[in-house]
Ligand code: TXA
Ligand code: MG
């Protein structure tokens, strides 16, 4: 249990909030849609803390928040439509899902292992000031516990997350009250992934055509088989609950003690030597990628507890194992 600070909407509160974020902590902050639970998006361990605080059982891709279109362009590739949407609706309640830029610093975990990134420049003056001072992309889902209602003021946030996060920046009531509209611009065709604060009609008026519906289920189950396959799935087979490693397999371990046969593995990585599930979650996607790159036909994964973030980690691993 940590002490959650309630920070005032002034220079001192903003400075403190930015310090906490830059130090890898969790700060809830107002946007014009709902309060977000923020963490440094470039720091996978900080991002894992979001899932732990929310008790989210699976890793959805998170939206990374930025202070300007210029900052967003460092993270993602904007085609002509994405550029027009950004110029028309940012800052504001619009999230754009675009391919990752080579200069992208958003962690694999915040992107749930995808090759795309969700970006938003919020209009709320406090959010803007905080993002400017933090100087990094800030990953932020709504600041509620999983399965509860999105918070539109600081009391809602504390009701759900008091003692589980470092601070809440109190900016009063959020204006819009529903989450941002999410549009993907990945293959030349913009698609509506989630209706939200910017009406579909406003977007269609700008692009001059009807918006196609995207894979709306991305929100519900972004890592479902098929959905993920086109973006990211390990090439290797995944073997779960491996108590021993067979020669030539790549090994993904958890906790102290190693595994039998690990010395003949093609490659071995340990998600967390200390058995820390937050650390393990932070490493999960990048370690899977690294082991896949080793060329092994199979990635053998040691047992991981089903408690805390272990539920989300195992959920992700089961999907990776079930895929083909
Ligand atoms: O209004 C909002 O959007 C609030 C405030 C805090 O900004 N944030 C919010 O975040 O609702 P979150 O994490 O609950 O929304 C994440 C959703 C995912 O479920 C998914 O639908 C979409 O954003 N998303 C993010 N990145 C994506 C990606 N790379 N590909 C597809 N969908 C993505
Ligand atoms: Mg939410």
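What do you reckon, is residue 95 under 30 Å from residue 314 (Cα atoms), surrounded by 20 or more Cβ atoms within 10 Å (Cβ to Cβ) and at pLDDT 95 or above?
Yes: the conditions hold for residue 95.
Given (1) modelled with pLDDT under 95; (2) assigned to a helix (DSSP H, G or I), where does residue 130 come up short, assuming only one miss?
(1)
Tell me, please, whether a residue that is near ligand 1 (Cβ under 9 Å from one of its atoms) and either surrounded by 21 or more Cβ atoms within 10 Å (Cβ to Cβ) or without any contact (Cβ under 8 Å) to a residue 12 or more places away in the chain (or both) can be found in region 121-136.
yes
Looking only at residues that are in contact with a helix residue (DSSP H, G or I) (Cβ under 7 Å, 6 or more places away or on another chain) and part of a loop (DSSP other than H, G, I, E, B) in region 306-324, which one is surrounded by the fewest Cβ atoms within 10 Å (Cβ to Cβ)?
Step by step, filter region 306-324, then rank; the result is 306.
Out of curiosity, is residue 150 in contact with a strand residue (DSSP E or B) (Cβ under 9 Å, 6 or more places away or on another chain), more than 21 Å from residue 16 (Cβ to Cβ) and more than 16 Å from ligand 2 (Cβ to nearest atom)?
Criteria not met by residue 150.
Report yes if residue 67 is closer than 30 Å to residue 189 by Cα, touching a strand residue (DSSP E or B) at 6+ places or on another chain (Cβ under 6 Å) and surrounded by fewer than 24 Cβ atoms within 10 Å (Cβ to Cβ), otherwise no.
For residue 67, the condition - closer than 30 Å to residue 189 by Cα, touching a strand residue (DSSP E or B) at 6+ places or on another chain (Cβ under 6 Å) and surrounded by fewer than 24 Cβ atoms within 10 Å (Cβ to Cβ) - is not met.
If I ask for residues that are closer than 21 Å to residue 119 by Cβ and more than 13 Å from ligand 1 (Cβ to nearest atom), which ones from region 161-189 would you list?
Once the filter is applied, which keeps residues that are closer than 21 Å to residue 119 by Cβ and more than 13 Å from ligand 1 (Cβ to nearest atom), region 161-189 yields 188, 189.
The values are calculated or read from the model by the stated rules, or taken from the named source; none is laboratory data. This is a predicted model, so every value here is computed, not measured. When we count neighbours, we look across all protein chains shown, and the Cβ atoms used for this are built from the backbone with ideal geometry, even at glycine.
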